[in-house]
Structures are given as structure tokens and as C-alpha cells.
Amino acid sequence: MPAQIGFIGLGIMGAGMARNLVENGNDVVVWNRTASRMESLVEAGASPATSPADVARRCSVVMICVSDTPDVDAVLHGESGLLAGVSNGSLIVDHSTISPGATVDFAGEAAALGGSWIDAPVSGGSEGAARGTLSIMVGGDESDVERARPYMEAFGTTITHVGPVGSGQKVKIVNQILVVVNQLAVSEALLFAQAAGLDLDATLDAVTGGAAGSWMLANRGPQMIERDWRPGFTIDLQQKDLRLALEAADAAGTPIPGTALVFQMYRALQNQGLGGDGNHALVKALEKMSGIEVGG
Ligand code: NAP
């Protein structure tokens, strides 16, 4: 009988990650705040839980993938919260992207109950979660990371232990700075290509495999040309990560002007009701400034 593994948060990312755990032969217990989101996982073979505490009582390793710092807080606390079910030897693996400082506090609470915590935010988008090809940046004790590794291998291909608890979240901020400044470059480049009268598909074919290529260009470039704004990652969630980046950079005394610019551009799009669009809709801010529209 394989050990039971718990998974809390079956959103765009969590659903794909949990499905990969099930398909890899694990005995998976799931919980999601909106219960209907558990149905397809249960059909795939997972077992539903009644609360985060129920998950923790049934599983010694519990993964979380929810939206933001207050949401992890909500999952952990209260009568039916995860910490109510934590006991000696419990391991919590947090795949959410949240505050590095709050992460250290949550890890301290788990430790006081005899449990341990690793922060393991992911990168690779909804595609990576579904295909099981995520990059995972992990902070925590070596032994805890190795204990969780076989489970993380169900949905991650690059799993890097980057330091003590909280380090995974800091590296995720590095990742997000790279993502958004790259997204700005893709947006500017496609806007210019449009204005210059170029064939956009041929332009992408020409540059994607060269030194200017990137995940963002290869995956979101074609979507931008099609004007398909369905989210792999929403502007609202991206903005949450940029807030974490600006706070952490401020604390470290680091200027991050490109990231700050993108934060303001996304804020303008949120004010226009576009927070639910994918983060590649950044180009819409430039379109409104310039009167030029990409693709279509
Ligand atoms: P999502 O589709 O919006 O799903 C959010 C999940 O969190 C849902 O299961 C939601 O439950 C749950 N949740 C939110 N607030 C909660 C609360 N207060 N209590 C309990 N559950 C709560 O988001 P996602 O795209 O999967 O992102 C999840 C995490 O992964 C975020 O930290 C995000 O930054 C990170 N991430 C996302 C991507 C991406 O491309 N999407 C890539 C890398 C990392 P309900 O169903 O009840 O709303």
C-alpha cells in the first residue's frame, strides 16, 4: 500500500499537479475550498477530504497550492485548518508563491507542532503543471527536501534545493522579475513587428530559436498574435507576485525599475477590468498607448 499524499488547492496549477500524482500511482487525498473542483480528481482516482485538517490527519506529507499569503494562512488556521491535523513527522510542502517572511513564520508554527515545512514554488505555467514538467525551487532542510522529492518528481523535471526555508520563495521572486521584464520585451517586439508590416508568424519562426528566444516568446507569442487572452497565469496573480518582488527588493535595497514599470502597466489593465486576462495581455497596455493592435 503506497503512503497517502495530500494535496490542497486544485486551481489551474494544483489540478494538474495532483492529477500527475494520481497518474504516477500515488494514493492521493485532495481538498479544495470549492468542492466541485475535486470532482474530476476523484473520478481520476483521488480520495476527497472534508477539510485541510482531515487531509493532515490522513497524510504525513501534505502539499498546498493556493493563491496568496492570506490564503495559505486561511488553509493553515482555524478549527478545521491544516495545523489542527499536524502531528510529529508531518511534512508540509507549500507550492504556492507567497511572502518569504510569512513562509518562515508558518514553518515555525509547523515546527512547534512537531512538523516540518518546505517552500517549493513552481514555474512552468499551466502547461508545465499538466505535462509534469515544472521547475521547482525549494527551500528547507535537506532531509525534508529529499523526503518530498519523489512526490515532486510526479510533476517537476527540475527540482532545485536552493537553501533554507524561505529561499524557494526568494528564488521565485528572481524568476518573476525575469518573467515580466521578458514579457515586456515580447510585447514591445510584437507591437513593432505589427507596425512595421511584418508577417507575425514568420517573425516568430525567425527569432524564437535564436538568442532572443524564450519560454514566454515561444508559448505566449503565438497566443498574443491570435489575441487569445485565456490565462495560464492571470494578471491578478502576476500582480501579487510583483508586489512580493517590490517589497522584497525594497527590503534588500535593490532597484528593480523594469519590474516596477510592469507593475504599473498591469495596474492600469486591472483598472480596466482585465485582471482575469493572462499575463501576456500586458501588450494591451502598449496597444492603448500607441493605437496599434497586434495580430487578430
Ligand atoms: P488559481 O487557478 O486561481 O487557483 C487558486 C487555488 O487556491 C484554488 O484552488 C482556490 O480555491 C484556492 N484558494 C484561494 N484562496 C483560498 C483560500 N482563502 N482558502 C482556500 N483555498 C483558496 O491559481 P493557480 O494559477 O493555480 O495558482 C496557484 C499558485 O501557484 C499561486 O500562488 C500562483 O502564484 C502559483 N503559480 C501559478 C502559475 C500559473 O501559471 N498559473 C505558475 C507558477 C506558479 P477555489 O477553487 O475555492 O477558488
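Some observations on this one:
- Pairs, first of a type in the set (Asp, Glu) in the stretch 51-79, second near the ligand (Cβ under 7 Å from one of its atoms), C-beta under 7 Å, six or more apart: Asp68/Ile98; Asp68/Lys240
- Selection within the stretch 32-48 - open to solvent by 50 Å² or more (accessible area, probe 1.4 Å) and closer than 15 Å to Arg58 by Cβ: Val42, Pro48
- The test for being within 14 Å of the ligand (Cβ to nearest atom) and either surrounded by 14 or more Cβ atoms within 10 Å (Cβ to Cβ) or modelled with pLDDT under 95 (or both) holds for Met17.
- A single member of Leu91, Leu10 is crowded, with 21+ Cβ neighbours inside 10 Å and near the ligand (Cβ under 10 Å from one of its atoms), and it is Leu10.
- Residues of the stretch 246-278 that are in contact with a strand residue (DSSP E or B) (Cβ under 8 Å, 6 or more places away or on another chain) and either open to solvent by 10 Å² or more (accessible area, probe 1.4 Å) or not assigned by TED's automatic domain parsing to the domain that holds Ile225 (or both): Gly276, Asp277.
- Within the stretch 222-270, the residues that satisfy the criterion of being more than 17 Å from Gln169 (Cβ to Cβ), over 21 Å from the mean Cα position of the chain (by Cα) and assigned to a loop (DSSP other than H, G, I, E, B) are Glu226, Arg227, Gly253, Pro255.
- Options Gly124, Gly168; residue that is open to solvent by 10 Å² or more (accessible area, probe 1.4 Å) and touching a strand residue (DSSP E or B) at 6+ places or on another chain (Cβ under 9 Å): Gly124
- Residues satisfying the stated conditions in the stretch 173-217, i.e. outside any helix (DSSP H, G or I) and either surrounded by 15 or more Cβ atoms within 10 Å (Cβ to Cβ) or of a type in the set (S, T, N, Q) (or both): Ser214
- Residues satisfying the stated conditions in the stretch 234-251, i.e. acidic (Asp, Glu), near the ligand (Cβ under 9 Å from one of its atoms) and over 11 Å from Asp277 (Cβ atoms): Asp241
The values are calculated or read from the model by the stated rules, or taken from the named source; none is laboratory data. Remember, it's a predicted structure, so these values are computed and weren't measured experimentally. As a convention, Cβ positions derive from the backbone with ideal geometry for all residues, glycine included, and neighbour counts pool all protein chains shown. Just the protein is used for accessible areas: all its heavy atoms, side chains included, with ligands, DNA and RNA removed. Shrake-Rupley method; radii C 1.70, N 1.55, O 1.52, S 1.80 Å.
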